[in-house]
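The values are calculated or read from the model by the stated rules, or taken from the named source; none is laboratory data. None of these values were measured; they are calculated from a predicted model. We place every Cβ from the backbone using ideal geometry, glycine too, and count neighbours over all the protein chains shown.
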Amino acid sequence: MELWIGLLGLKAKPTAKGFRRFGKGKGAYVHVAAWAESYAQFEERVRRAADEIDCVLYDLDDVGLLVERLARPDCPDEFADMNETARKNKKDAVFGHFYIWEQDEAN
């Protein structure tokens, strides 16, 4: 099993009541790290993680192994924190900072 990371595009579930995770925003992008055997398993894990926070995964981009991302000189500091957290919590998906967008038409 390896630690994967990807950029998720999320929107609130249409059935979610009292949803406030995005404030007045229409959705968000967020990096998520999770342990998986393959791309397909990673996608399934993050889809379930999104569902658990009353979100729908509508976009998954820039997926790869976290160890490879950490080796890049332009790697965000957030990834090191996510790596540390994920190594302590191998069953959970680890969410980074939510970048909220305001207009549905723009995304």
Exercise. What single numbered condition from (1) at pLDDT 95 or above; (2) over 17 Å from K90 (Cα atoms) fails to hold for F19?
Worked result: (1)
Exercise. Limited to segment 8-45, what total is found for residues that are surrounded by 16 or more Cβ atoms within 10 Å (Cβ to Cβ) and of a type in the set (S, T, Y)?
Worked result: 1
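Restricting to segment 1-26, name every residue that is assigned to a strand (DSSP E or B) and more than 14 Å from D61 (Cβ to Cβ). Show your work before the answer.
Of all residues in segment 1-26, those assigned to a strand (DSSP E or B) come to 2-12.
Listed by number, the residues that qualify are E2, L3, K11, A12.
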Exercise. Does segment 9-48 hold any residues that are in contact with a Lys or Arg (Cβ under 9 Å, 6 or more places away or on another chain), touching a residue at least 40 places away in the same chain (Cβ under 8 Å) and aliphatic (A, V, I, L, M), and which are they?
Worked result: L10, A12, A28, V32, A34
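Rundown of residues vs (1) within 14 Å of G96 (Cβ to Cβ); (2) of a type in the set (D, E); (3) in contact with a Phe, Trp or Tyr (Cβ under 9 Å, 6 or more places away or on another chain), yes/no style:
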| residue | (1), (2), (3) |
| --- | --- |
| I5 | yes, no, yes |
| R20 | no, no, no |
| K26 | no, no, yes |
| V32 | yes, no, yes |
| E44 | no, yes, no |
| G64 | no, no, yes |
| V67 | no, no, no |
| A71 | no, no, no |
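State all residues of segment 78-102 that are over 23 Å from E37 (Cβ atoms) and part of a strand (DSSP E or B); if no residue qualifies, say none.
First, the residues of segment 78-102 that are over 23 Å from E37 (Cβ atoms): 78, 80-81, 97-102.
Hits for segment 78-102 are Y99, I100, W101.
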For this session: List the number of the failed condition for W35; all other conditions in (1) in contact with a Gly (Cβ under 9 Å, 6 or more places away or on another chain); (2) assigned to a strand (DSSP E or B); (3) under 18 Å from T85 (Cα atoms) hold.
Result: (1)
Problem set entry | Output for segment 49-77, where each listed residue is loosely packed, with under 14 Cβ neighbours inside 10 Å, in a helix (DSSP H, G or I) and in contact (Cβ under 8 Å) with a residue 40 or more places away in the chain | V67
